[in-house]
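Peer 1: The following block contains the structure, expressed as structure tokens.
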Amino acid sequence: MSKATDAAETDPQGERAVLRTDGVTKRFGGLTAVDDVDVEVQNGEIVGLIGPNGAGKSTLFNCITGTLNADEGRVYLQGQDVTDWPEYKIARAGLGRMFQETRIFGDMTVRKNLLLAAQEGGASVGNLLRRPDDSLLARTEELLDYVDLGGLADTRAGRLSFGQQKLIEFAMELMAEPDLLLMDEPAGGINPAMLENLIQYIRTANEDEEATIFLIEHNMDFVMEIADRIYVLAHGERIAEGTPEEIQNDQRVLDAYLGRE
Amino acid sequence: MSAESESNSGLLRSLVPPDQVDRLFGVCGAHGWKLLAASAVVGALPPLLGLQQGYYMTVISEMFLFAILALSWDIVGGQTGYPSFGNMAFFGIGAYTTAILIKDFAISFPVAMVVAGLVAVAFAAVIGAVVLRLRGHYFAIATLGVLLAAQQISRNLDITGGASGKILLEVPSGTVFYYLFLGVLVVEMGVVYYLSNTRFGFILNAIRDDEEKATAMGFNTTYYKTAAWMLASLFTGVAGGAYSLFNTFIDPQTAYNGAWNVELIAMALLGGSGTVAGPVIGAFGLHTVIEVVETAFVGWQLVLLGIVVIVTVIGFPEGAVGTLREYASEMEYYKRGGMAATDSGEEVSADE
């Protein structure tokens, strides 16, 4: 019996995909927001997820993170079936998430935001009652310098501009070092100069730290430039998958964006 | 907070330079334990220097008591962002526990007080499992419901003495309570101060600022909220346990006092919720003012309380400590962050 349970909890395909969804479906009343979607993200990849408004991109993300429960299908993280896990447990298993509207802890200092993101030690009582050690503090300063916000460690995070907050949120993910980072429209609402910066940071994290990233994006130039592979959703269904070049020349994708059936 | 400081910022800045305030915060932060120890010593002095049992000793003891209660409220209300209108339920349960144990079971006072704290914690664990699922207004109303229900139950039980309550005649002297409340307060300040610099404290603040984000970062928020709630109930329960003897009398109205619950919140907000010193300063300040007004114009202290709450919420939502900290960090931001913000765009083009 327990053996059968074990088997069910691991990815039947047994591959080393960081993330794999198998026929994920989510309905809201009569609307099927996500319809039988398979995606797969391999270690070290940057994968894009695009589609017109209402295509189900954020809903798919929510099913992966456990914010929503998929009605059908399975979600595998590092080969483990996490479909029915609570959201915090999935996050702890190595899934990071940056929200569409930047979300950091506004009444805490920038430093505390970053310290909080550090995952080492887990939820043991000893770890919870310890003060942050020097190496962690040093890492915080290092990351703040890296995203050009050195000297702001003691500032209340809510005082920072939107773009700065986005960088802090990204630095928090660098601190957490998740196995997979989901980014919901990282380029949304930031100025072109900062976007260039962000692209650089994401590239560096991907190349140097082997960060694996799955991102939703509306900014086509940005996603075509940064992604290794792209999935396209329309009306909840996966209509295309391929390299940026393939996607740009895909007739179904063009139709979906131009509203043709 | 900012409208006030901006309108007369020129005068204010020259009188109290933000960087001086910032330095003061730095000193306080660096020497927190020494400050706490010094405060404990200062607090312990008056009876040694001749303060006799009587009106003033009672008033100061009450100040300590309210500081304990306000700081406990703030662990959940200010640090974790769950404003409770039911903290006095823990207080009442603690008060009745000692009253019953001492009167009906002849248990000694210190033991009864410890048990009072533990009973309050057990109660908090059970109630917390239900009410901590709610947020914002719903949480506030549910906790108020818990307080009223607890009051009603004690009014209808025999063991609690029903509506007439319990009278305790053999009680320790006022000096004992003075040091008892002071001791509990100092311990609690130490605990909260220590926790506010640990990962546990950060997580509580994160839940306050954005609980969904905290969950998305891998924190089981229910677990941490319940822990904070139980910690708050421990100190509140112990304080209640001591209060029934301090007051020599306990009935449903005094034990589960909804007006006190509002006072606690006002104290925490006035002093600065989410800080260690804030609720304590707020409790000392507000209790003194209330005591003075009550002596001079009986009944008007409640009007004053209402006015203080309104002015605080509108004018200084961060409270005294929070407003000062904001004022100090403002300069910090303009000096470093403001420039970093304008610079970053140029630095990018320079990199290209």
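The values are calculated or read from the model by the stated rules, or taken from the named source; none is laboratory data. Everything quoted here is computed from the prediction, not taken from an experiment. Note: ideal-geometry Cβ built from the backbone for every residue, glycine included; neighbour counts use all protein chains shown. Remember, those area values only see protein heavy atoms, side chains included, never the ligands or the DNA or RNA. Shrake-Rupley method; radii C 1.70, N 1.55, O 1.52, S 1.80 Å.
Peer 1: Between B:ILE314 and B:TYR138, what is the FRET efficiency for a Förster distance of 22 Å, r being their Cβ-Cβ separation, to the nearest 0.05?
Peer 2: 0.40
Peer 1: On to the next question. Rank-order B:248-255, A:68-75, B:213-220 by packing density, defined as the average count of other C-beta atoms within 10 Å over each peptide's residues, highest first. Display every interim value, and only then the final one.
Peer 2: Numbers: B:248-255: 19.9, A:68-75: 17.9, B:213-220: 22.6.
So the order, starting with the most tightly packed, is B:213-220, B:248-255, A:68-75.
Peer 1: Between B and A, buried accessible area summed over both sides at probe 1.4 Å, in Å² to the nearest 100? Mind dumping the intermediate values first?
Peer 2: On the way: alone 17410 and 13110 Å², together 26810 Å².
Result for this pair: about 3700 Å² buried.
Peer 1: Give me the dipole magnitude in Debye, nearest 20, for the protein assembly as shown about the Cα centre, with unit charges on the beta carbon: positive for Lys and Arg, negative for Asp and Glu.
Peer 2: Dipole about the Cα centre, nearest 20: 3180 debye.
Peer 1: Note the direction-averaged projected area, equal to a quarter of the hull surface, for the Cα convex hull of the stretch B:52-257, in nm².
Peer 2: Numbers: hull surface 44.5 nm².
Projected area, direction-averaged: 11.1 nm².
Peer 1: For the stretch B:135-258, what percent of Cα pairs sit more than 18 Å apart? All intermediate terms of the calculation are to be shown ahead of the outcome.
Peer 2: Values: 5008 of 7626 pairs.
Result: 66 percent of Cα pairs exceed 18 Å.
Peer 1: I need two numbers for chain A: Rg to one decimal and Dmax as a whole number, Cα atoms only, in Å.
Peer 2: My reading of the Cα-based Rg and Dmax gives 19.0, 59 Å.
Peer 1: Can you give the charge dipole size of chain A about its Cα centre, rounded to the nearest 20 debye, using +1 on the beta carbon of Lys and Arg and -1 on the beta carbon of Asp and Glu? Kindly include the intermediate steps, with their values, before the conclusion.
Peer 2: Details: 24 positive and 47 negative charges, 207 e Å.
It comes to approximately 1000 debye.
Peer 1: Sticking with this structure for a sec: Using alpha carbon centroids, what distance separates the stretch A:40-76 and the stretch A:219-251, in Å?
Peer 2: 14
Peer 1: Over the stretch B:52-257, what percent of the accessible surface lies on carbon and sulfur atoms, probe 1.4 Å?
Peer 2: Numbers: 5140 of 7510 Å².
It is 68 percent, rounded to a whole number.
Peer 1: What fraction, in whole percent, of alpha-carbon pairs in the stretch B:1-104 exceed 15 Å separation? Walk me through the intermediate numbers first.
Peer 2: On the way: 4276 of 5356 pairs.
Every Cα pair in the stretch B:1-104 considered, those over 15 Å come to 80 percent.
Peer 1: If you don't mind, there's one more thing I want to ask. If you bin every alpha carbon distance in the stretch B:80-153 into 5 Å steps from zero, what whole percent lands in each bin?
Peer 2: Percent of pairs per bin, in order: 3, 17, 24, 21, 15, 10, 6, 3, 1.
Peer 1: Separate question: Dipole of the stretch A:182-261 (Lys/Arg Cβ +1, Asp/Glu Cβ -1, origin at the Cα centre): which of A:THR204, A:MET220, A:LEU233 lies farthest to the positive side?
Peer 2: A:LEU233
Peer 1: Give the angle, between 0 and 90 degrees and rounded to the nearest 10, that separates the Cα long axis of helix B:221-247 from the longest principal axis of the Cα atoms of chain B.
Peer 2: The angle comes out near 50 degrees.
Peer 1: Per-residue mean of other chain beta-carbon atoms within 10 angstrom of the beta-carbon, peptide B:204-215? Provide the component values of the computation, followed by the final result.
Peer 2: On the way: counts 0, 7, 8, 1, 4, 9, 7, 0, 4, 10, 5, 8.
Partner Cβ neighbours, averaged per residue: 5.
Peer 1: Can you give the average number of partner chain beta-carbon atoms within 10 Å of each beta-carbon in peptide A:99-111, as a whole number?
Peer 2: On the way: counts 4, 0, 0, 1, 7, 4, 10, 3, 9, 8, 3, 1, 1.
Partner-chain Cβ atoms within 10 Å, mean over residues of A:99-111: 4.
Peer 1: May I pose another question? Calculated from DSSP H runs of 4 or more alone, at -39500 (n - 2.57) each and per residue, what is the 222 nm mean residue ellipticity of chain B, nearest 500? Display every interim value, and only then the final one.
Peer 2: Numbers: 18 runs with 277 residues, N = 352.
Taking each H run of at least 4 residues, the total per residue is -26000 deg cm²/dmol.
Peer 1: Ignoring ligands, DNA and RNA, what accessible area per residue does chain B give at 1.4 Å, in Å²? Intermediate results must be reported in sequence, preceding the final value.
Peer 2: Working: 15550 Å² over 352 residues.
In whole numbers, chain B has 44 Å² accessible per residue.
Peer 1: So what's the Cα pair-distance distribution over the stretch A:21-60, bin width 10 Å, in %?
Peer 2: Binned Cα distances yield the sequence 27, 51, 19, 2.
Peer 1: Using a 10 Å cut-off around each Cβ of peptide A:194-200, what is the average number of partner chain Cβ atoms that fall inside?
Peer 2: Shielding by partners across A:194-200 averages 2.
Peer 1: Follow-up. When each pair of different Cα atoms in chain B is counted once in the 1/r mean, what is the Kirkwood radius in angstroms, to one decimal? Write down the numbers at each step before the final one.
Peer 2: Working: mean 1/r = 0.0463 Å⁻¹.
Hydrodynamic radius (Kirkwood, Cα only) of chain B equals 21.6 Å.
Peer 1: How are the alpha carbon pair distances in the stretch A:104-218 distributed across 5 Å bins from zero to the largest one, expressed in percent?
Peer 2: 2, 11, 21, 24, 21, 13, 5, 2, 0
Peer 1: Then there is this: With contacts defined as alpha carbon pairs under 8 Å and 6 or more residues apart, what's the relative contact order of the stretch B:52-257 in percent?
Peer 2: On the way: 316 pairs, mean separation 92.4, N = 206.
This gives 45 percent for the stretch B:52-257.
Peer 1: Now for a separate question. Just to be sure I follow the rule: in the protein assembly as shown, considering lysines 8 or more places apart or on different chains, how many pairs have Cα atoms under 16 Å apart? Before the final figure, lay out each step's value.
Peer 2: On the way: A:LYS26/A:LYS57; A:LYS89/B:LYS213; A:LYS112/A:LYS166; A:LYS112/B:LYS213; A:LYS166/B:LYS213; B:LYS103/B:LYS166; B:LYS213/B:LYS225.
Qualifying lysine pairs in the protein assembly as shown: 7.
Peer 1: With unit charges on the beta carbons (Lys and Arg positive, Asp and Glu negative) and the dipole taken about the Cα centre of the protein assembly as shown, which residue among B:ALA38, A:MET175, B:MET57 sits farthest to the positive side?
Peer 2: Value computed over the given set: B:MET57.
Peer 1: Using only the alpha-carbon atoms of the protein assembly as shown as identical scatterers, what base-10 log of I(q)/I(0) does the Debye formula give at q = 0.06, 0.07, 0.10, 0.12 Å⁻¹?
Peer 2: Each listed q maps to, in turn, -0.40, -0.53, -0.96, -1.20.
Peer 1: Suppose every Lys and Arg Cβ carries +1 and every Asp and Glu Cβ carries -1, with no other charges. What dipole size does the stretch B:52-257 come out with about its Cα centre, to the nearest 20 debye? Intermediate results must be reported in sequence, preceding the final value.
Peer 2: Details: 9 positive and 11 negative charges, 54 e Å.
Computed charge dipole of the stretch B:52-257: roughly 260 debye.
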